[in-house]
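Written below as structure tokens is the structure these notes are about.
Read-outs: derived from the displayed coordinates by stated rules, not from any lab. On a predicted model such as this, the values are computed, not experimentally measured, just so you know. Cβ atoms come from the backbone with ideal geometry, glycine included; neighbour counts cover every protein chain shown.
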Amino acid sequence: MRQKKMARAMFEPIYRQIFPFWEEISQEDRDYICQNSVALTYKKGTMIHDGNECVGVIFVRSGCLRVYIMSSEGKDITLYRLHAGDLCMLSASCVLQPITFDVMVDAEEDSECYVLSGGAFSTVARHNTNIRIFSLETALSRFSDVMWVMQQILFMSLDKRLAIFLIDESARIGSDTISLTHEQIAKYMGSAREVVSRMLKYFSNEGIVESSRKGVHILDKARLRLLASDR
């Protein structure tokens with residue numbers, strides 16, 4: 001009984017905020033979900049989900065997770081990143097059986113997360129239609145991010161893709177200084193480090209950015225926006 005109360009006290013306040021179905025399921029199911037949740041800290045670089053096992057539903061409390069796909073040749077493409085307040089449903093493959101879309105998840109930074117067991121979530125979802133609908137809607141909402149990445153890779157020139165990435169990242173962190181290495185930027189863009197470095201050198205020569213191995217500082221955001229919207 002004490003363990004049940006502790007689990008409810010830790011997880012229920014968060015789940016009440018992020019799960020729209022929370023008040024519509026029984027107290028028994030709410031307790032079951034809380035009892036099958038754990039608070040975990042992932043160190044930077046930790047592989048969280050390899051695309052095979054059903055890790056469960058991951059709620060990011062702090063830090064950053066990267067969701068990506070891997071080719072048979074070992075090349076990876078970043079689909080999107082998850083930050084504080086984001087929910088990862090694609091790591092719960094046992095819940096989303098109709099979606100055969102294998103992704104991998106690792107920790108880009110030291111990250112604190114709540115992880116709800118995929119098996120427990122699936123058990124409760126079997127007799128709660130609202131949970132199944134929420135699961136599918138949450139997963140499908142991410143496919144717009146996936147399609148945007150594919151559209152960039154297939155149809156956009158590298159200079160435009162890089163300009164879009166730098167503008168979006170600058171807006172996300174609220175700074176014109178982006179502390180990412182060329183290799184990290186290339187990984188997020190699904191490109192090669194050498195190619196990104198050459199394009200950043202071109203941007204630097206044009207006075208658009210100031211680039212080093214440690215990061216990129218935007219000097220001329222107006223020209224960068226022009227590149228992002230051009231063509």
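With respect to the chain, whose longest principal axis is taken over its alpha-carbon atoms, helix 193-205 is tilted by about 50°. Pairs with C-alpha atoms separated by more than 21 Å, drawn from the list K160/K201; K187/K214; K75/K221; K75/K214; K160/K221; K43/K187, are K75/K221; K75/K214. Report, in degrees rounded to the nearest 10, the 0 to 90 angle that the Cα long axis of helix 2-18 makes with the longest principal axis of the chain. Compared with the principal axis, the helix lies near 50 degrees. Going 7 Å from the Cα of I153 toward and past its Cβ, which residues in the stretch 43-77 have a backbone nitrogen under 13 Å from where you end up? So the set is 67-77. When semi-axes √(5λ) of the Cα gyration tensor in Å is computed from the coordinates, the matching label among (1) 29, 21, 16; (2) 38, 18, 15; (3) 36, 21, 13 is (2).
Could you please report the charge total around N36, scoring K, R as +1 and D, E as -1 over all other residues with beta-carbon less than 14 angstrom from its beta-carbon?
Details: positive: K4, R8, R30; negative: E12, E28, D29, D31.
My count for the surroundings of N36 gives -1.
When peptides 5-17, 27-39 are sorted by average Cβ neighbour count within 10 Å, with the highest value leading, the order is 27-39, 5-17.
Taking the Cα atoms only, what angle lies between the long axis of helix 129-141 and the longest principal axis of the chain, rounded to 10 degrees? Result, in degrees: 10. Distance from the alpha carbon centroid of the stretch 31-46 to that of the stretch 158-208 works out to 33 angstrom. Taking 0.36 nm per residue of separation and subtracting the current Cα-Cα distance, fully stretching the chain between T181 and E109 would add 24.5 nm.
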